[in-house]
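The values are calculated or read from the model by the stated rules, or taken from the named source; none is laboratory data. Worth saying up front: this structure is predicted, and the values here are computed from it rather than measured. With ideal geometry, Cβ positions are generated from the backbone for all residues, glycine too; neighbour counts draw on all protein chains shown. Please note that ligands, DNA and RNA were not included when accessible areas were found on the heavy atoms of the full protein model with its side chains. Shrake-Rupley method; radii C 1.70, N 1.55, O 1.52, S 1.80 Å.
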Protein chains: 2
Amino acid sequence: MADKVTITDVARAAGVSRQTVSNTLNSPEVVRDETRRHVLEVIARLGYRANQAARQMRTGRSRLIAIRIDPGGDGINGSVLDRFLHGLTESAARAGYRILLYTAHDDRSEIATFEDLIASYEPDAFVLTATHHDDLRTSWLLERRVPFVAFGRPWSDLPRTQHPWVDVDGAAGTAAATRHLLAAGHRRVGFVGWPPGSGVGDDRRAGWERTLAEHGLRPDDLHRAGEDGIATGESAARDLLGAGATALVCASDSLALGALNVAGPGVAVTGFDDTPVAGAIGLTSVHQPLGEAAAACVALLTRALDSAEPPATHMLLQPSLTIRRSA
Amino acid sequence: MADKVTITDVARAAGVSRQTVSNTLNSPEVVRDETRRHVLEVIARLGYRANQAARQMRTGRSRLIAIRIDPGGDGINGSVLDRFLHGLTESAARAGYRILLYTAHDDRSEIATFEDLIASYEPDAFVLTATHHDDLRTSWLLERRVPFVAFGRPWSDLPRTQHPWVDVDGAAGTAAATRHLLAAGHRRVGFVGWPPGSGVGDDRRAGWERTLAEHGLRPDDLHRAGEDGIATGESAARDLLGAGATALVCASDSLALGALNVAGPGVAVTGFDDTPVAGAIGLTSVHQPLGEAAAACVALLTRALDSAEPPATHMLLQPSLTIRRSA
DNA sequence: AGGCATGATTTGATCGTTCAAATTGCAGGA
DNA sequence: TCCTGCAATTTGAACGATCAAATCATGCCT
């Protein structure tokens, strides 16, 4: 590539030592004002930037954050992670970090990739996505004191699952959707979700249930569960409409799309994640502040890595409801 | 992190020199069989992996490939780049490379990021996406001899735009869609695209036009253009159906979705990019082999970087048509 | 005038791997 | 027996930044 400028080149041009150049950039307070100004002028003139490999060898810090990328393109909800990833890349760059990607198809292969990345590139931290029950990754990283933050909560109180996390309050999202439907006059509001046992799914159903109770209404068995997908949405919606529901809160946009296919005029449907599909078909959907979530992950990590402050342990963000034709 | 194993540790444990350990991994042909086997056993036992920063300082190679990530989440077509990015990350890892992400909002800020990344992390190459007319990036990289491949063709014969690229044949995609509609009995097939001047748009229109001509049919002004989006699709479809079209080939899934909103029974519509939206609403759409495109990009780069073979200059891949209810 | 303290600056060493030259040992031929 | 050639192995140096100890210069006090 173009001829490289090193700290020795700058030192020579400025008539000072290498250390004075390094101090000018990293500990300016130990350099006399006049010297510092002169060195900065030479740095700017020569276009000097520090070589990260050399810095890393001496400091042990790569200023890299590693995250898995998923093949989400076949799914309606896949775009959630890309928006998060974009936000993460921007926030990290602002904090002086870069994002390193990897792929993995299960916990064990992801752990094998952790070992490889840690040994070769030495990322300063990991961001975990798609956390789940019995997630092997979190305890592996905790045991080895590898800094990380999860986008998604641990759904267990076990000590080995206590780790830094950022999440969006799913229950608050379905609560807002439910309130919106109640405000529109609906009294028999159904819920289409996933089988119990999924932390995220249980949380989203809790928001619907709790809000009905707050309005003196009973769920009355007006909830159905199944694997995420349009087909599940369709069959669950048929059942619920047959049972007298006039409005449906769905745990995902895939489920909501299926419900919409079945819903007649007057039936209100909401989804979750505010995906491009929701935008395309006019679906009211819970919007997660993914840019904010990404920024929060970087903030938690940089506080742990760069700051003397005690690390923050978690951050729960609030969603909003994007209102469209469907409700 | 966990105690590090270095090449010196392995050498000591094996009773050989550092160079013999390095040779065992990188030039095994210069190490006696018996010695090599013994050293490999010690490497495995100690769990040694080379420190990439140290290697990079000596070889000048980071084994990183940098690519921009876009905030595609607000667009229906955004998922195209995520599937590509996932495929790229997997293919790169297979070839011994990792993917480094950055963001940029225009050519100039992207070039500023190039300068920063090149000086600090020294990526071995860049993958460019969203190439366009008067793209400043390609000439900047060519002038500095920075290795890169574009996912997308240069649409100009100017010497300064001759660079390695991988693309999917858009014209072949719309040709296949057009043939499919003709085979279904349609004779008045319209085209909904973008304003002339976009290389991608012009190419996709050419596929439709050429296929009609091959069947002795004339386009008859059965084409409309506008900014990508559902609204454009709707108004263009209205026009074309009014002009007698019974089928529509659209340059994107967004346009196709708009067209579908307007199309009555019996009107066939196809889109482009086979996005999750297409899957969700039952739209026949041209599918781009993004995993293959990603693998081709890595192949072109690794051939240029790691091989003595003369570099390949480009690769044009073939799409397929995913047939659903809409056509 | 000399000694001491302190701010400012310099320089040797280090990080871990690869490069390249030097060294070693062994076999074959004169 | 000695010399030469070559395969196998070793070791000093380099990559570029930071760390830390050493050095230098200046000012103040005795």
Before we move on, is residue B:101 facing chain A (nearest Cβ under 8 Å), open to solvent by less than 40 Å² (accessible area, probe 1.4 Å), under 21 Å from residue B:153 (Cβ atoms) and out of contact with any Pro (no Cβ under 8 Å at 6 or more places or on another chain)?
no
Residue B:36: passes all of (1) more than 30 Å from residue A:79 (Cα to Cα); (2) open to solvent by less than 40 Å² (accessible area, probe 1.4 Å); (3) not polar (S, T, N, Q) but (2)
Inside the range B:217-327, counting only strands (runs of 3 or more DSSP E) that do not spill past its ends, which hold 1 or more residues that are in contact with a strand residue (DSSP E or B) (Cβ under 8 Å, 6 or more places away or on another chain) and surrounded by fewer than 16 Cβ atoms within 10 Å (Cβ to Cβ)?
B:314-317, B:320-322
May I ask you to list pairs of residues, at least six apart or on different chains, whose Cβ atoms are under 7 Å apart, with the first in the range A:139-156 being of a type in the set (Phe, Trp, Tyr) and the second being in a loop (DSSP other than H, G, I, E, B) and surrounded by fewer than 17 Cβ atoms within 10 Å (Cβ to Cβ)?
A:155/A:133
Residue A:95, sole failed condition from (1) more than 11 Å from every other protein chain (Cβ to nearest Cβ); (2) out of contact with any helix residue (DSSP H, G or I) (no Cβ under 7 Å at 6 or more places or on another chain):
(2)
Among all residue pairs at least 6 apart or on different chains, which show Cβ distances below 8 Å where the first residue, located in the range B:29-47, is within 14 Å of another protein chain (Cβ to nearest Cβ) and the second is of a type in the set (D, E, K, R) and within 13 Å of DNA strand C (Cβ to nearest atom)?
B:46/B:9
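From the list A:12, A:68, exactly one residue is basic (Lys, Arg), in contact (Cβ under 8 Å) with a residue 40 or more places away in the chain and either more than 9 Å from DNA strand D (Cβ to nearest atom) or surrounded by 15 or more Cβ atoms within 10 Å (Cβ to Cβ) (or both). Which is it?
A:68
Looking at B:296, B:268, B:245, B:312 in this structure, which one is in contact with a Leu (Cβ under 7 Å, 6 or more places away or on another chain), closer than 17 Å to residue B:205 by Cα, in contact (Cβ under 8 Å) with a residue 40 or more places away in the chain and away from chain A (no Cβ under 14 Å)? Break it down stepwise before answering.
Values: B:296 fails: closer than 17 Å to residue B:205 by Cα; B:268 fails: closer than 17 Å to residue B:205 by Cα; B:312 fails: closer than 17 Å to residue B:205 by Cα.
Result: B:245 is the single residue among B:296, B:268, B:245, B:312 that is in contact with a Leu (Cβ under 7 Å, 6 or more places away or on another chain), closer than 17 Å to residue B:205 by Cα, in contact (Cβ under 8 Å) with a residue 40 or more places away in the chain and away from chain A (no Cβ under 14 Å).
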The lone exception for residue B:90 - which of (1) more than 7 Å from chain A (Cβ to nearest Cβ); (2) in contact (Cβ under 8 Å) with a residue 12 or more places away in the chain; (3) within 30 Å of residue B:280 (Cβ to Cβ) it fails
(1)
Residue under evaluation residue A:127, criteria (1) more than 14 Å from chain B (Cβ to nearest Cβ); (2) open to solvent by less than 10 Å² (accessible area, probe 1.4 Å), criterion not met:
(1)
